[in-house]
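To start, the structure under review is shown below, and the notes come after it.
The values are calculated or read from the model by the stated rules, or taken from the named source; none is laboratory data. Given the structure is predicted, the values throughout are model-derived calculations rather than measurements. Counting neighbours? That spans all protein chains shown, and the Cβs are built from the backbone with ideal geometry, glycine included. Accessible surface is based on the protein model in full, side chains and every heavy atom, while ligands, DNA and RNA are left aside. Shrake-Rupley method; radii C 1.70, N 1.55, O 1.52, S 1.80 Å.
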Amino acid sequence: REVTDQLERERRLEATTARLETLLDALPLPVVVLDTDGVVERWNRAAETTFGYPTDSVVGKQYPLFIEDDEFERLFERILNGGILDGYETTHRTQEGSRLPVELHARPLYENGSFSGVAGAAIDLSDRQQREQQLDVLHRVLRHNLRNELTVINGWTQQLAAGTDPMEASEKIRGASERLLALAEEAK
């Protein structure tokens, strides 16, 4: 009876482990599980795709992606001491050698009350940073165009006050005002 119970527990454990492995691989974010020494135990499919390192080249080795030599040690030590990473931004190295901006989230793992490793996920920030750069350029262009039109309005207002033909000044001011309104619509 004891042997049968033990075999049933082992079967359930194997089924649960297989299910967890399937869930880990199905996650759309790169996920890694490290042991107590910072050695990779699990590396999901999204991590392979994002960073280019096949699972078999990473599992069993120290986490390989940090560019700064001591950054991994500092962060791992923080987690060893019960800390967490929540939105930590850094740069990782892909297998091809390119740099990839990422946001890291990591938590300590405990089994039976003892530290047993770290689970972490990374978010690729390259698209967000590219959008931010594009928005910054658009913002500068918008400010430049806005200043230009306001300078036109100001100049013609001064000309009007100095006695310039009111019809011409009025037409120039109206044209600059319409361009400002169009600019406001574009900014939306």
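The candidates Ile173, Ile84, arranged from most to least accessible area with a 1.4 Å probe in the full protein assembly, appear as Ile84, Ile173. Would you kindly state the longest site-free stretch of the chain, with sites defined as GluC sites (Glu not before Pro) in a DSSP loop (not H, G, I, E, B) surrounded by at most 10 other Cβ atoms within 10 Å? Looking at the chain, 97-188 is the longest stretch - no exposed GluC sites (Glu not before Pro) with at most 10 other Cβ atoms within 10 Å.
Solvent exposure of segment 110-152, expressed per residue, is 75 Å² of accessible area, with all protein chains present and a 1.4 angstrom probe.
When only the Cβ of Lys, Arg, Asp and Glu is charged (+1, +1, -1, -1), the dipole of segment 79-164 relative to its Cα centre reaches about 340 debye. Of the residues Val59, Thr22, Val33, the one whose Cα sits farthest toward the positive end of the charge dipole of segment 18-94, with +1 on the Cβ of Lys and Arg and -1 on the Cβ of Asp and Glu, is Thr22. What would the Debye equation give as log₁₀ I(q)/I(0) for the chain at q = 0.10, 0.14 Å⁻¹, counting only Cα atoms as equal point scatterers? The calculated log intensity ratios at q = 0.10, 0.14 Å⁻¹ are -0.61, -0.86.
Could you pull out the chymotrypsin sites (Phe, Trp or Tyr not before Pro) across segment 1-107 that fall in loop regions by DSSP (anything but H, G, I, E, B) with no more than 10 other Cβ atoms inside 10 Å? Answer by residue number: there is no such site.
Can you find, among Pro108, Asn81, Leu146, the residue farthest towards the positive end of the dipole of the chain? Put +1 on the C-beta of Lys and Arg, -1 on that of Asp and Glu. Farthest towards the positive end: Leu146. Remark: relative contact order (segment 1-155) = 18 percent; criterion is Cα-Cα distance under 8 angstrom and separation of 6 or more residues. The charge dipole of the chain, taken about its Cα centre with unit charges on the Cβ of Lys, Arg, Asp and Glu (plus for the first two, minus for the last two), comes to roughly 580 debye.
Derived from the Cα gyration tensor, the three semi-axes of the equivalent ellipsoid of segment 73-169 are 59, 15, 9 Å, largest first.
Rounded to the nearest 10 degrees, the angle from helix 71-80 to the longest Cα principal axis of the chain is 60 degrees. One decimal place: the segment Asn148-Arg131 gains 3.6 nm when fully extended, by the rule 0.36 nm per residue minus the C-alpha distance.
Angle of helix 126-161 to the longest C-alpha principal axis of the chain, folded into 0 to 90 degrees and rounded to 10: 10°.
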